[in-house]
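Reading through the structure tokens given below for one structure.
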Amino acid sequence: MRKYTGANGKAYMQPLADAFGANLNSGLYHNAYIKKNGFQLYVGVAVMDAFIPESNKTFTGTTQGLFSPETNAKVPTIFGSSQVVTVEGEGGTTYAFPGGLDINNLPLAVPHLTVGSLMGTDATIRWAAYDIGDEVGKVELWGWGLRHSLNQYMPLKPVNMAVGFYSQQFSVGDVVDASGWVANIQASYPWRFITFYGGLGYEQSTLDIAYTYEADDSEIAFDLTGNNTIRTTLGLTLNLGPLKIHSDYTLAIQSLLTLGLGVGI
């Protein structure tokens, strides 16, 4: 087995789409307070870490090509064991399913800017780019979001509530093209120097991978959709003057932990 194609290839890569899409749609807020009108600014960085469940480390692979008889086997995904799995066929032939990266989590760090407010609305921008050479190309992330306060329409204090929509794009040269969006309702409650916050969201993400397999110059491409849809987030922020330290946990098909550090005024 020299390369993965077809159904095997998609099943092998699907956990990457789930984890990466979940990361893209995270770390977007740390409270739900938005002024009706007036200057607000937050500049910081969020680090998301998707925990890979055991169920996303294996899949049922099927032998391909001229190998006989066709055989199913429990084999590693991209996050699974690095050990190659082999099955025996007719005439002493052997079919090898490749191993994975043998990792338990997938991290992602993103710089973050939120500015407002106009009529209870603020805007979020994410951007990062780095050129890592001709072999890989440019790594670039771009995102934006809008959020609108609900407190101006109903007496909710001391609870703050808002609704938001965010869109993210990520690319690695001509090989990886990922995108995601999330719509959510957010709530927060301040208590002394701590703000408790959370939210309920609906999300979607895609991951497209295309490259040339050098051994035979064949084109390999996978178009994947993340399995995540509904997410629930709970977290807290330490308000140390303008310094904000926040952390939250998102429960979804692909769960993850977010840590953030920034300055807000």
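The values are calculated or read from the model by the stated rules, or taken from the named source; none is laboratory data. A quick note: this is a predicted structure, and the numbers were derived from the prediction, not measured. Here the Cβ is made from the backbone with ideal geometry for all residues, glycine too, and neighbour counts use every protein chain on show. Calculation scope for accessible area: heavy atoms of the full protein, side chains included, ligands and nucleic acids excluded. Shrake-Rupley method; radii C 1.70, N 1.55, O 1.52, S 1.80 Å.
On average, how much accessible surface per residue is there in the range 64-200, in Å², for a 1.4 Å probe, leaving out ligands, DNA and RNA? Can you show the working numbers first?
On the way: 7680 Å² over 137 residues.
Ligands and nucleic acids excluded, the figure is 56 Å² per residue.
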Which ³J(HN,Hα) values in Hz, rounded to whole numbers, follow from the phi angles of the range 173-178 under the Karplus curve 6.51 cos²θ - 1.76 cosθ + 1.60, where θ = phi - 60° and Gly and Pro get x?
-> x, 9, 9, 10, 9, 10
Using modelled amide H (1.01 Å from N, peptide plane; none on Pro or chain starts), what sits under 5 Å from the amide H of residue 159, excluding residues fewer than 5 places away?
-> none
Answer rounded, prolate or oblate for the range 140-265, using the Cα gyration tensor with square roots of eigenvalues a ≥ b ≥ c: rounded when a/c is under 1.5, else prolate when a/b is larger than b/c, else oblate.
-> prolate
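Going by accessible area, probe 1.4 Å, with all protein chains left in place, what is the ranking of 60, 229, largest first?
Working: 60 100, 229 55 Å².
My answer, sorted largest first, is 60, 229.
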Long-range amide H contacts for residue 32: which residues qualify at under 5 Å (H placed 1.01 Å from N, peptide plane, sequence gap of 5 or more or a different chain)?
-> 188
Close lysine pairs (the chain; alpha-carbon distance under 14 Å; 8 or more apart or on separate chains) counted at 4
Residue (of 190, 89, 173) at the positive-pole extreme of the chain, dipole from beta-carbon charges = 190
Quote the charge dipole size of the chain about the Cα centre in Debye, to the nearest 20; the model charges only the Cβ of Lys and Arg (+1) and of Asp and Glu (-1).
-> 1740 debye
Candidates per GluC sites (Glu not before Pro) in the range 17-121, loop by DSSP, up to 12 other Cβ within 10 Å | 70
Residue 128 paired with residue 159, simple spin-label distance in nm, labels 7 Å along Cα-to-beta-carbon = 3.4 nm
Expressed in nm to one decimal, what extension gain is obtained for the pair residue 86 and residue 206 from 0.36 nm per residue of sequence separation less their Cα-Cα distance?
-> 40.1 nm
J(HN,Hα) series, the range 61-71, from Karplus relation 6.51 cos²θ - 1.76 cosθ + 1.60, nearest Hz, glycine and proline x | x, 10, 4, 10, x, 8, 5, 9, x, 4, 9
